[in-house]
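Here the structure is laid out as structure tokens; the discussion comes afterwards.
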Amino acid sequence: MPTPPSPSRAMTQCARRGGFRVARRVALKVRPAILIAAFIVAAATAGAQPLSTREWLIAGRLTQGGIVFGTAPPGTVRVTVDRAPVRLTGDRRFLAGFGRDAPPEATLVATLADGSREVRVVPVARRHYDIESIPSLRQPPPDAPPDPVYDARRAVELAAIRDARAGDSDALGWTEAFAWPAHGRISGVYGSQRILGGVPKAPHLGVDVAAPPGAPVTAPAGGVIRLAHGPFLLEGNLVMLDHGHGLVSAFLHLSRIDVKEGQHVVRGDRLGLVGMTGRATGPHLHWALSWRTARLDPALFVPEGGELTNGAAAILPPPRSR
């Protein structure tokens, strides 16, 4: 089972520059969030040490749209994040994600075998998104009558997507280094939103990679295919990949699907081809990432160096008594 690298190695990985054209624009926007892990690492001991009975190992992108990787104290039998239980590996590792508008703190609670509890509060940095407001542009009221056929089909599609996102398997793809699933220009960033005539539209909850039709789309990390179907009305040909412990990738608008539901894939396996099926104005890959119901920013998983491991680790000692 893979283990996190040392803090110094992880910091080196997080600090790499250049070398991957696709990610550079996004990485420049999120670099302050990436450095949140460095703040915690600075408080950690320099060398690898065994955990004491009250220490946590915390890593990740501690920001809105980001994720926390953790190892609970020895003896832990249960962990909750903001009161929601999370899955633990045999060596007490876990993950949890923060949505686009997550609150500024998350509370981790470990219940030990003797019934005692260890509580840690981790900061969740606020982000500033690309918001475009056009007060003069008002959306006209819909003049088309309801379409029961469309509504019925859309309800089935949304149910299938919810079921695929609801998986909480023991797969360990989330412990791997993530890579970009397609190569091209970043044409849409996570969290961006338009406000038309004072009415906020739905935010963009993924990353768009503009690539030529037929370009390969590959698995950013290992896992199990939970959904491979299409075309959906909006998403087009859609593949959803379960990386384990509630972390799921979705790949939209494919021109072709090359995997089947239930298939196990490893990083780099081809999932399909770039297209513009569904509601799309041009060929591109929309890559979405979610942890349970929280929609995450895929760009935080793959900084400009090309890949990210979950090992930007830091030991959080017990709080000092007052």
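The values are calculated or read from the model by the stated rules, or taken from the named source; none is laboratory data. This one's a predicted model, so the numbers in the text were calculated from it and none came from an experiment. Cβ: placed from backbone, ideal geometry, glycine included. Neighbour counts: every protein chain shown.
Observations on the structure shown:
- Flag for Ala102 being assigned by TED's automatic domain parsing to the domain that holds Ile67 and either aromatic (Phe, Trp, Tyr) or surrounded by 11 or more Cβ atoms within 10 Å (Cβ to Cβ) (or both): yes
- For Val189, the stated conditions hold: it is closer than 30 Å to His128 by Cα, surrounded by 17 or more Cβ atoms within 10 Å (Cβ to Cβ) and of a type outside the set (D, E, K, R).
- Flag for Pro135 being touching a residue at least 40 places away in the same chain (Cβ under 8 Å) and more than 18 Å from the chain's Cα centre (by Cα): yes
- Tally of residues being loosely packed, with under 14 Cβ neighbours inside 10 Å, assigned to a strand (DSSP E or B) and not basic (Lys, Arg) across the stretch 113-131: 4
- Residue within the stretch 90-98 that is part of a loop (DSSP other than H, G, I, E, B), within 26 Å of Gln193 (Cβ to Cβ), under 18 Å from the mean Cα position of the chain (by Cα) and not assigned by TED's automatic domain parsing to the domain that holds Gly206 present: yes
- Put simply, of Gly275, Gly268, Gly282 the only residue that is among the small types (Gly, Ala, Ser) and buried (at least 22 other Cβ atoms within 10 Å of the Cβ) is Gly275.
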